[in-house]
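K.L.:
Have a look at this one.
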């Protein structure tokens, strides 16, 4: 709908998935499975079903960081969920994530198996399970929790708001682009001020707060997200850029970014992951 033809909401909204942009074929106003298909299962206790979007990268980076510490119990199988083909609506996936969004994790080291969905919840579950990247000091832990929840609450403005209207919507509309650009820049300013005198979000300690924020805001200022760096003037946030480059150098982050990735240069892709040998 162009600005010369103002939209008047109907009395009762009715779903029409025509001309709804890139994701119109998979978005719908109802939940539940559309088809029966069990999930594949590997040999490890941790079974991840995901895609290398920012939310998916949070979890694979976390798992690779745990393995980097020598925590062998964090070995995992990562299976691709092709969201453009509607695989997130299979009966098997819906069973472990009724919200039909990636990522979803199943921990089969316990009986009955534990399902965890929502990327922040998965990262926090793993941090608690393996006692890693989660500060023990109460004040620092509270700071970590705050930045974790900040990211979970802020990312929809970056992804579903700015990303959708700037990169994916079928028509460029000034009002939503202006609205979400303003909010994304405010968020970047929040991070920039925090990181001006802190190495990481919680101080000198690399934590799950950094792990969940990097795939969104780090990727954004490094030019990996929406091709929007110049539009957002990301050079105005030098402390976020320093933080992002520092995290990007971590071997576990480099591996985690590849898992369940099916686009970009071939050497950066790894459709499935079942062992460290898969990165060779």
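All of the numbers you see were taken from the coordinates with simple rules; none came from a lab. All values derive from a computational prediction rather than experimental measurement. Note: ideal-geometry Cβ built from the backbone for every residue, glycine included; neighbour counts use all protein chains shown.
K.L.:
Would you compute, from DSSP H runs of 4+ residues alone, the mean residue ellipticity of the chain at 222 nm, taking -39500 (n - 2.57) per run and dividing by the full residue count, rounded to the nearest 500?
P.N.:
After summing the helix terms and dividing by the residues of the chain, the value is -11500 deg cm²/dmol.
K.L.:
Would you please give the FRET efficiency between residue 37 and residue 254, computed as 1/(1 + (r/R0)^6) with r the Cβ-Cβ distance and R0 = 30 Å, to the nearest 0.05?
P.N.:
Once the sixth-power term is evaluated, E becomes 0.40.
K.L.:
Over the alpha carbons of the chain, what is the largest minus smallest coordinate on each principal axis, giving the biggest first in Å?
P.N.:
Largest to smallest, the principal-axis extents are 60, 51, 39 Å.
K.L.:
Could you state the per residue volume, in Å³, of the convex hull enclosing the Cα atoms of region 1-117?
P.N.:
133
K.L.:
Another question about this same structure. I'd like the distance between the alpha-carbon centres of region 79-155 and region 197-275, rounded to an integer number of Å.
P.N.:
18
K.L.:
Starting from the Kirkwood Rh over alpha-carbon pairs, what translational D in µm² s⁻¹ does region 163-280 have by Stokes-Einstein at 10 °C and 1.306 mPa s?
P.N.:
101
K.L.:
Rounded to the nearest 0.05, what FRET efficiency do residue 276 and residue 169 have when you use their Cβ-Cβ distance and R0 = 51 Å?
P.N.:
Given R0 = 51 Å and the Cβ-Cβ separation, E is 0.80.
K.L.:
Cα-Cα pairs above 23 Å in region 118-220: how many percent?
P.N.:
32
K.L.:
Same structure, new question: Between residue 12 and residue 199, what FRET efficiency comes out of the Förster formula 1/(1 + (r/R0)^6) with R0 = 51 Å and r the beta carbon distance, rounded to 0.05? Don't skip to the end; give the middle numbers.
P.N.:
On the way: r = 53 Å, r/R0 = 1.04.
The value I calculate is 0.45.
K.L.:
Which of the peptides 44-51, 205-212, 239-246 is most tightly packed, and how do the rest follow, judged by the mean count of other Cβ atoms within 10 Å per residue?
P.N.:
Working: 44-51: 22.1, 205-212: 24.5, 239-246: 19.1.
Highest-to-lowest ranking by the protection proxy: 205-212, 44-51, 239-246.
K.L.:
Taking Cα pairs under 8 Å and at least six residues apart, what relative contact order does region 138-248 come out at, in percent?
P.N.:
28
K.L.:
If you don't mind, another one. So if each residue of separation counts as 0.36 nm, and I subtract the Cα-Cα distance between residue 182 and residue 22, what length gain in nm does that give?
P.N.:
Contour length minus Cα-Cα distance gives 55.3 nm.
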